[in-house]
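Data first, discussion second: the structure below is written as structure tokens.
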Amino acid sequence: MKLTPLIAVAVVTAVTALTLTACGGALNARIGGNVSGLAGATSVGLLNNGSDAITVSANGSFTFDKTVSSKGAYLVTVNKQPTGETCTVVNGSGTVDSRGNDVTNVQVNCVAGSTTTSAVSVNISGLASGATVVLLDNGVDALSVTGNATTAAGGTITQLFPTPLASGSNYSVTVGTQPTGHTCLVTNGIGTIPTSGSAAAVIVTCN
């Protein structure tokens, strides 16, 4: 039997819909992993991509509430350290594969010890006088920097993010809002707050 063009289109559409249904439709992955070393009666707060906050109160597996689409990025960070301990994240960043398979290998390791805090510092250069760039740390902590005669002349100014991070916490600095007429690029923007001293400065170059 020869199909008319309209019937052929309808058949193809139906087959496509059935195929997507069989494959589960949209490909979204859950992000999770395992917590170890967490003392009793304590908890650690975690974020994925600067939001989707969860609190883990026992050792073992954890999963964030929100999913991440296939080929989407994820970044797991500690936003609240447990009392008397420091937790660090291993395998905390990556990209979901094209099939949308769940990520289960994020590891949060907690050890006993006092927690110190340190603010992430940023060196900015090339920003025209009066131009403003908004930077984000872990997608939520905003730092607004306005250029002056120093940056306009090619010099560097140093600014600190307003919210200090506990030692062992990850940071990820990105540009939230570009300045008008400029493009600012971030170098050395991802790292971990050390247990002593300060993290290497993040470099932001505008042109």
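The values are calculated or read from the model by the stated rules, or taken from the named source; none is laboratory data. Since we're looking at a predicted model, the values are computed, not measured. Using ideal geometry, Cβ is built from the backbone for each residue, glycine included, and neighbour counts are taken over all protein chains shown.
Observations, loosely collected:
- In segment 35-48, the residues that are in a strand (DSSP E or B), more than 18 Å from the chain's Cα centre (by Cα) and under 24 Å from GLY139 (Cα atoms): VAL35
- Enumeration of residues in segment 35-52 that are surrounded by fewer than 20 Cβ atoms within 10 Å (Cβ to Cβ) and more than 13 Å from ASN109 (Cα to Cα): GLY40, ALA41, THR42, GLY50, SER51, ASP52
- Only listed residue being at pLDDT 95 or above and of a type in the set (S, T, N, Q), chosen from THR151, THR183: THR183
- Out of SER93, SER98, sole residue that is exposed (fewer than 14 other Cβ atoms within 10 Å of the Cβ), in contact (Cβ under 8 Å) with a residue 60 or more places away in the chain and either assigned by TED's automatic domain parsing to the domain that holds SER36 or among the β-branched types (Val, Ile, Thr) (or both): SER98
- For segment 107-131, residues that are out of contact with any Phe, Trp or Tyr (no Cβ under 8 Å at 6 or more places or on another chain), surrounded by 20 or more Cβ atoms within 10 Å (Cβ to Cβ) and under 24 Å from ASP65 (Cα atoms) total 1.
- Restricting attention to segment 146-177, the residues being without any contact (Cβ under 8 Å) to a residue 40 or more places away in the chain and either assigned to a strand (DSSP E or B) or on the phi > 0 side of the Ramachandran plot (or both) number 6.
- Members of segment 58-92 that are out of contact with any Leu (no Cβ under 8 Å at 6 or more places or on another chain) and not in a strand (DSSP E or B): LYS71, GLY72, GLN81, THR83, GLY84, ASN91
- Those residues of segment 142-169 which are within 16 Å of ALA201 (Cβ to Cβ) and within 17 Å of the chain's Cα centre (by Cα), in sequence order: LEU143, PHE161, PRO164, LEU165
- When restricted to residues that are of a type outside the set (Val, Ile, Thr) and more than 15 Å from the chain's Cα centre (by Cα), segment 170-207 contains 15.
- Which listed residue is touching a helix residue (DSSP H, G or I) at 6+ places or on another chain (Cβ under 8 Å), modelled with pLDDT of 90 or more and of a type in the set (S, T, N, Q), from SER121, SER144, SER129, SER172: SER129
- Matching residues, segment 132-141, being modelled with pLDDT of 95 or more and surrounded by 21 or more Cβ atoms within 10 Å (Cβ to Cβ): VAL133, LEU135
- Residue among ALA8, ALA22 that is modelled with pLDDT under 50 and surrounded by 11 or more Cβ atoms within 10 Å (Cβ to Cβ): ALA8
- Unmet requirement for ASN105, which otherwise passes all of (1) part of a strand (DSSP E or B); (2) free of Cβ contacts under 8 Å to residues at least 24 places away in the same chain: (2)
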